[in-house]
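One structure below.
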Amino acid sequence: MAFWDKLSETVSSKSKEVADKAKEIAEVTSLTSKISTQESLIEKYFKEIGRFVYEHKEEQCDNGLEERFKLVDAAYEEIEKLRKDIRKIKGIKLCESCGAEVASDAAFCPKCGTAVPEEIPEEVQAEEVREAPVEDAAA
């Protein structure tokens, strides 16, 4: 009988150790998750602070961020250029009234009904910029 008692005692002891270890792992996992949540909040707040400072850059005194503001402005301009290229490839344009995407051949916006002006191809725009040929004065 001593063997079975010893075996039962060992199994019971090991079961308690496993349960304790599982509880410890669960607590550590929970705390690690809470740390991660707080870190995510900090990143969100940093982002909001940065956006606020950027959006209020005209109100700021000389704080050494002007060069960074210019870089952000350039990045926004590049994003808009890339979005325009995407729209061109997809054959769509934006409604000037509501900003909805409209098929390039559409005359009216399907969202707000505003007439959408026909886009002038870039080649034609470039030709209009050039000066008109000078007419021969002798004629």
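Check segment 58-67 and report whether any residue there is under 33 Å from the mean Cα position of the chain (by Cα), surrounded by fewer than 10 Cβ atoms within 10 Å (Cβ to Cβ), assigned to a loop (DSSP other than H, G, I, E, B) and among the acidic types (Asp, Glu).
Yes: segment 58-67 contains one or more residues that are under 33 Å from the mean Cα position of the chain (by Cα), surrounded by fewer than 10 Cβ atoms within 10 Å (Cβ to Cβ), assigned to a loop (DSSP other than H, G, I, E, B) and among the acidic types (Asp, Glu).
Kindly provide the set of residues from segment 85-104 that are modelled with pLDDT of 90 or more, surrounded by fewer than 12 Cβ atoms within 10 Å (Cβ to Cβ) and part of a loop (DSSP other than H, G, I, E, B), ordered by number.
Gly99
Picking from Val53, Val11, Val72, Val28, which residue would you name as being in contact with a Phe, Trp or Tyr (Cβ under 8 Å, 6 or more places away or on another chain), of a type outside the set (S, T, N, Q) and surrounded by 10 or more Cβ atoms within 10 Å (Cβ to Cβ)? Steps first, answer last, please.
Working: Val53 fails: in contact with a Phe, Trp or Tyr (Cβ under 8 Å, 6 or more places away or on another chain); Val11 fails: in contact with a Phe, Trp or Tyr (Cβ under 8 Å, 6 or more places away or on another chain); Val28 fails: in contact with a Phe, Trp or Tyr (Cβ under 8 Å, 6 or more places away or on another chain).
After ruling out the rest, the residue left standing is Val72.
Cβ-Cβ under 8 Å, sequence separation 6+ or interchain: first residue in segment 31-55 and closer than 30 Å to Lys70 by Cα, partner surrounded by 10 or more Cβ atoms within 10 Å (Cβ to Cβ). Which pairs?
Final answer for the pair search is Val53/Gln60; Val53/Leu65; Tyr54/Phe69; Tyr54/Val72.
Name the single residue, out of those in segment 31-49 being open to solvent by less than 100 Å² (accessible area, probe 1.4 Å) and not β-branched (Val, Ile, Thr), that is nearest to Val72 (Cα to Cα).
Glu48
The values are calculated or read from the model by the stated rules, or taken from the named source; none is laboratory data. Predicted, not measured: the structure shown is a model, and the values here were computed from it. Using ideal geometry, Cβ is built from the backbone for each residue, glycine included, and neighbour counts are taken over all protein chains shown. Quick note on the areas: whole protein, heavy atoms, side chains included, nothing else; ligands and nucleic acids left out. Shrake-Rupley method; radii C 1.70, N 1.55, O 1.52, S 1.80 Å.
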